[in-house]
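Right, one structure below, let's go through it.
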Amino acid sequence: MTEQTRPYDVAADALFLDFDGTLVELAPQPEEIVVPPELITLLQRLQAASDGALAIVSGRPLDQLDFFLAPLRLPAAGVHGVERRSADGRIIEQPVPDVHHLRERLLPLVHAHTGLQLELKRGALALHYRHAAHLERQCVRAMSEAIRHEPGFTLLHGKMVVEAKPHINKGDAVLAFLQEAPFRGRRPVFVGDDVTDEAGFAVVQTERFNGLGIKVGGGPTLARQRLADPGAVLALLDQGLALRATG
């Protein structure tokens with residue numbers, strides 16, 4: 001793997017971007033992230049220059065993405081693809097299992113330990129332990145046991161979070177976008193930082209699409225290229241725009 005990536009081709013590529021850890025730095029709590037001042041303008045310019053072939057693919061719900069990226073309402077997949085807004089503004093929601101019984105199973109653990117946080121999403125439940133890292137094993141064990149009794153969920157272990165989610169992943173969301181205009185027929189580029197993004201890398205790098213996965217930060221990955229941090233991601237995207245302007 002290398003820290004160097006060839007520039008994103010705004011004219012030819014379909015761009016899929018994770019949010020937390022990719023466009024913005026991770027924060028102690030999900031609601032505490034800071035959106036770089038230049039990010040909104042950069043995404044606006046990318047959307048225009050790519051004829052709309054830009055989408056956010058995140059574990060966050062769509063309403064949270066819209067809040068942090070206001071006034072933008074980009075094509076986006078939320079909750080790893082459980083909900084998706086296409087380029088023409090249609091909202092597609094996948095059927096999901098009920099998470100409330102799962103939540104009830106985990107509440108005693110959260111109430112017993114300061115620093116744990118449960119995040120309820122549509123069809124998914126995230127247990128954050130960023131403020132109680134020593135409880136990692138206990139959190140993973142509790143979530144694993146909970147979903148054993150509540151069928152329909154997959155266990156995901158991310159950065160300081162363990163999540164129960166439906167059998168839907170970011171790769172499914174990217175694949176759905178690639179069947180639609182303006183993404184169809186373009187080379188897909190997926191940029192992400194966490195284990196949940198590996199499904200996206202796997203889809204775009206298939207022989208069918210011959211695309212590119214870009215991993216942000218350290219850790220093992222399927223992605224063929226790597227960037228150091230969100231600042232490097234914004235620099236790469238800005239470079240792509242500059243090349244488009246001079247080309």
Response to the item:
With the 8 Å Cα cutoff and a minimum separation of six or more residues, the chain has a relative contact order in percent of 24 percent
Worksheet, complete the sentence: Over the chain, the sum of -39500 (n - 2.57) across DSSP H runs of at least four, divided by residue number and rounded to 500 deg cm²/dmol, gives at 222 nm -10000 deg cm²/dmol
Worksheet item: So if we plug the beta-carbon distance of A181 and A235 into 1/(1 + (r/R0)^6) with R0 = 30 Å, what FRET efficiency do we get, rounded to 0.05?
Response: 0.55
Discussion item. Classify the stretch 96-219 from the C-alpha gyration tensor, please: rounded if a/c falls under 1.5, else prolate or oblate depending on whether a/b exceeds b/c.
Written reply: prolate
Fill in: Amide N of the stretch 148-163 lying under 16 Å from the label point, which is placed 7 angstrom from the Cα of E104 along Cα→Cβ
148-151
Response to the item:
Residue-ordered couplings for the stretch 199-206, obtained by feeding phi - 60° into the Karplus form 6.51 cos²θ - 1.76 cosθ + 1.60 and rounding to whole Hz (Gly and Pro as x), are 5, x, 4, 4, 5, 5, 8, 5
Response to the item:
Checked the stretch 23-102 with the C-alpha gyration tensor, a ≥ b ≥ c its square-rooted eigenvalues, rounded below a/c of 1.5, otherwise prolate if a/b is larger than b/c and oblate if not; verdict oblate
Practice prompt. Starting from the Cα-Cα distance between T206 and T246, subtract it from 0.36 nm times their residue separation and give me the gain in nm to one decimal.
Written response: 11.3 nm
Worksheet item: For the stretch 154-167, in order, what is each residue's ³J(HN,Hα) by Karplus, 6.51 cos²θ - 1.76 cosθ + 1.60 with θ = phi - 60°, in whole Hz (x at glycine and Pro)?
Response: 10, 8, 10, 10, x, 6, 6, 8, 10, 10, 9, 9, x, 7
Worksheet item: With a ≥ b ≥ c the root eigenvalues of the C-alpha gyration tensor of the chain, is it rounded (a/c under 1.5), prolate (a/b larger than b/c) or oblate?
Response: prolate
Worksheet entry | Interatomic Cα distance distribution for the stretch 100-165, bins of 10 angstrom, percent | 23, 63, 14
Discussion item. Considering only C-alpha atoms, what is the centroid distance from the stretch 145-162 to the stretch 173-209, in Å?
Written reply: 24 Å
Worksheet item: FRET efficiency for A49 and E93, Cβ-Cβ distance as r, R0 = 22 Å, nearest 0.05?
Response: 0.15
Worksheet item: Which angle between 0 and 90 degrees, to the nearest 10, do you get for helix 100-112 versus the longest principal axis of the chain when only C-alpha atoms count?
Response: 70 degrees
Worksheet item: Looking at the stretch 89-155, which trypsin sites (Lys or Arg not before Pro) are in a loop (DSSP not H, G, I, E or B) and have at most 10 other Cβ atoms within 10 Å?
Response: R90
Worksheet entry | Degrees separating the helix 39-49 axis from the principal Cα axis of the chain, which is the longest one | 50 degrees
Worksheet item: For labels at A228 and A133 in the simple 7 Å Cα→Cβ model, what's the distance in nm?
Response: 2.1 nm
Worksheet item: Is any residue of the stretch 132-168 close enough, with backbone N under 12 Å, to a label point placed 7 angstrom from the Cα of H113 along the Cα-Cβ axis, and if so, which?
Response: 132-144, 161-162
Fill in: Mean Cα-pair separation over length for the stretch 100-165, i.e. relative contact order, pairs under 8 Å, 6 or more apart, %
31 percent
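Rule-based calculations on the coordinates, nothing more; no lab input. Everything numeric here is computed off the predicted structure, so don't read it as measured data. Every residue, glycine as well, gets a Cβ built from its backbone with ideal geometry; the counts of neighbours run over all protein chains shown.
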